Structures are given as structure tokens and as C-alpha cells.
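**Student:** To start, I am sharing the structure in question, which I have written as C-alpha cells.
Just so it is clear, none of the values below were taken in a lab; they were calculated from the coordinates. A quick note: this is a predicted structure, and the numbers were derived from the prediction, not measured. Neighbour counts run over all protein chains shown; Cβ positions are idealised from the backbone, glycine included.
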Amino acid sequence: DTGVSQDPRHKITKRGQNVTFRCDPISEHNRLYWYRQTLGQGPEFLTYFQNEAQLEKSRLLSDRFSAERPKGSFSTLEIQRTEQGDSAMYLCASSLKNYEQYFGPGTRLTVT
Amino acid sequence: AQKVTQAQTEISVVEKEDVTLDCVYETRDTTYYLFWYKQPPSGELVFLIRRNSFDEQNEISGRYSWNFQKSTSSFNFTITASQVVDSAVYFCALSDGYGSSNTGKLIFGQGTTLQVKP
């Protein structure tokens, strides 16, 4: 069991550019979650997949954000036309059914 | 609405002291889960414990113990004989209840930064 992995670990981009992050969950975990964490705050839920179906999206997830989980394996989170307010740590977590979630190391996004 | 409050923003103790981190939650669900996660300086959230709403027994794991009191909606975390390696941000979290229809999404508190000095 290699744990949840995320790529890249750090991303610096200019405002207006598109970025894509990848998450590889623990194998056989059917649930996958994306969270966003800003400095000094707890993580905030963004979206949730059960297998390949995206079943819930937070109101935090504007139209510029899109997430996919093709074939119920890895997931991608894309942010279009990035804004400075998008700067944060993006965390991915996976779980088997509704048991405890295991988190990846996160992708730190800096929008300049 | 669901909410988790960790009123202690920062706590500083000297090594070997005991320390308790407070967590108070709000939910209308009758079944739910409570969690504690540790976030060391490296940044990766580490799962510590999950508790379901029907199990109010206290739990002890080594130097860690948890006190769940449904009557006061609290789920406090105590570290006994703290060590420098315990220095981290600790998050309490709440999720909705059982069943495949529940999302299991976590609602986190703002975290408590624990500094253990040698």
C-alpha cells in the first residue's frame, strides 16, 4: 500500500493560466475527495467521487474548477483562468466506503 | 448546518507535560463520525482516530486518549507526557453518518497548533 500520491507537489503559475493537478488514491479505495486548505485554516471540502461518479460539489467550486475521475482510478482537478485567490494547498484523500480518509501530501498552488 | 469549533488556536507546553485539545461540534444528524488528524510541519494530514456517534467509550492509544461526550457535543484529545515530536497542528473533524448514500465529506475545525518545547 503506497498511500495517496499527488502531482505536482508545487505549482507556480501566472494569473489567467490553467493548471491541472493529479491524485492517485490508495488502490481499491472507491471514494475520492478534494479539499482546499489556506494558511491557518482547516481543509475545506471541494468535491467527492464514488468510483467514477462525481456525487457532490461544494459551492466553493466555481465554474472555473472541474474534476474528473475516469474509470474510478486517479483523479484530476483543473482550474481555468487562475486567480490570486486560488492560491492554496489542494489536498486529495481517499477512503474505502465511508471509513477514515487518508490524505496525500497536497499540491501547493501559488498564483502570481 | 455542521460545524466544528476548536477554540484553542495555539498551545505551548514543556516536554512531559500533559495537554488537552478541545473540540466542540454541531450537527443535526443522529448518526455521524468524529475524527482527529495531525498535520506536522511536513504538511501531510495523518489520521489519528475515528469515532462513531453511538460509541461514547473513551479510547486510549499509547500516550493518546480521546474523550467523547455526546451530552456536551465534545470530542477532546489528550496527549500524556508530551514530546517534541508531538509538535504539529491538530484538526478535529466531523462527517455525516452511515450508509452508502452519505458522502463522508469532512468538516474540519480551524485547528490547534501545539508546540512542545524541550
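**Student:** Projecting each Cα onto the charge dipole of chain A (Lys/Arg +1, Asp/Glu -1 at the beta carbon, about the Cα centre), which of A:Met89, A:Ile26, A:Tyr99 comes out farthest on the positive side?
**Tutor:** Of the candidates, A:Met89 comes out farthest on the positive side.
**Student:** Could you pull out every residue, at least 5 positions away or on a different chain, whose amide H is within less than 5 Å of the one on A:Ser5? Hs are placed 1.01 Å off N in the peptide plane, and Pro or chain starts have none.
**Tutor:** For A:Ser5, the qualifying residues are A:Asp24.
**Student:** Given R₀ = 35 Å, what would the calculated FRET efficiency be for A:Ile12 paired with B:Thr31, taking r from the Cβ atoms and rounding to 0.05?
**Tutor:** Calculated value: 0.20.
**Student:** Rounded to two decimals, what is the ratio between the C-alpha radius of gyration of the protein assembly as shown and 2.2 N^0.38 Å?
**Tutor:** Working: Rg = 17.8 Å, N = 230, 2.2 N^0.38 = 17.4 Å.
Compactness ratio reported: 1.02.
**Student:** Decide, for chain A, between rounded, prolate and oblate: order the square roots of the alpha carbon gyration tensor eigenvalues as a ≥ b ≥ c, take rounded if a/c falls under 1.5, and otherwise choose prolate if a/b is larger than b/c, else oblate.
**Tutor:** Working: a/c = 1.75, a/b = 1.59, b/c = 1.09.
Prolate is the answer for chain A, as a/c is 1.5 or above and a/b outweighs b/c.
**Student:** Would you please calculate the Kirkwood hydrodynamic radius of the stretch A:1-56 over all C-alpha pairs and express it in Å, rounded to one decimal? Walk me through the intermediate numbers first.
**Tutor:** Working: mean 1/r = 0.0752 Å⁻¹.
Kirkwood hydrodynamic radius for the stretch A:1-56: 13.3 Å.
**Student:** Here's something else I'd like to know. Residues of the stretch B:1-30 with the amide nitrogen closer than 16 Å to a label point 7 Å from the Cα of B:Phe54, along Cα-to-Cβ, please.
**Tutor:** The answer is B:29-30, whose backbone nitrogens lie closer than 16 Å to the label point.
**Student:** Additional query: Picking from A:Leu91, A:Leu55, A:Leu77, which is most flexible by a Gaussian network model of chain A using Cα springs under 10 Å?
**Tutor:** Among A:Leu91, A:Leu55, A:Leu77, the largest GNM mean-square fluctuation belongs to A:Leu55.
**Student:** Write out the GluC sites (Glu not before Pro) in the stretch B:31-93 meeting two conditions: DSSP loop, and at most 15 other Cβ atoms within 10 Å of their Cβ.
**Tutor:** Working: sites: B:Glu44, B:Glu56, B:Glu59; in loops: B:Glu44, B:Glu56.
Answer in residue order: B:Glu56.
**Student:** Antiparallel as a % of all DSSP beta bridges within the protein assembly as shown, to the nearest 5?
**Tutor:** Values: 70 of 79 bridges.
Counting DSSP beta bridges with both partners in the protein assembly as shown, the antiparallel share is about 90 percent.
**Student:** Residue by residue through A:96-108, how many Cβ atoms from other chains fall within 10 Å of the Cβ on average?
**Tutor:** 5
**Student:** What residue among B:Ser87, B:Ser74, B:Ser42 shows peak mean-square fluctuation when chain B is described by a Gaussian network model with Cα springs under 10 Å?
**Tutor:** Between B:Ser87, B:Ser74, B:Ser42, it is B:Ser42 that shows the largest mean-square fluctuation.
**Student:** Tell me, what ³J(HN,Hα) does each residue in the stretch A:87-95 have, in order and in whole Hz, if you take phi through Karplus 6.51 cos²θ - 1.76 cosθ + 1.60 with θ = phi - 60° and put x for Gly and Pro?
**Tutor:** 4, 4, 9, 9, 10, 10, 9, 9, 8
**Student:** Right, next: Percent relative contact order of chain A, based on C-alpha pairs within less than 8 angstrom and at least six residues apart? Each step should come with its number before you reach the end.
**Tutor:** Numbers: 286 pairs, mean separation 41.7, N = 112.
Taking the mean separation of contacting Cα pairs over the length of chain A, I get 37 percent.
**Student:** Which loop trypsin sites (Lys or Arg not before Pro) in the stretch A:19-106, with loop taken from DSSP, have no more than 16 other Cβ atoms within 10 angstrom of their Cβ?
**Tutor:** Details: sites: A:Arg22, A:Arg31, A:Arg36, A:Lys57, A:Arg59, A:Arg64, A:Lys71, A:Arg81, A:Lys97; in loops: A:Arg59, A:Arg64, A:Arg81, A:Lys97.
Sparse-neighbourhood loop trypsin sites (Lys or Arg not before Pro): A:Arg59, A:Arg64, A:Arg81, A:Lys97.
**Student:** GNM on chain A, C-alpha springs below 10 Å: top fluctuator among A:Ser73, A:Ser62, A:Ser27?
**Tutor:** A:Ser62
**Student:** With no solvent and one equal point scatterer placed on each C-alpha of the stretch B:20-118, evaluate the Debye formula and give log10 I(q)/I(0) for q = 0.17, 0.20, 0.25 Å⁻¹, two decimals.
**Tutor:** With one equal scatterer per Cα and no solvent, log10 I(q)/I(0) is -0.75, -1.01, -1.44.
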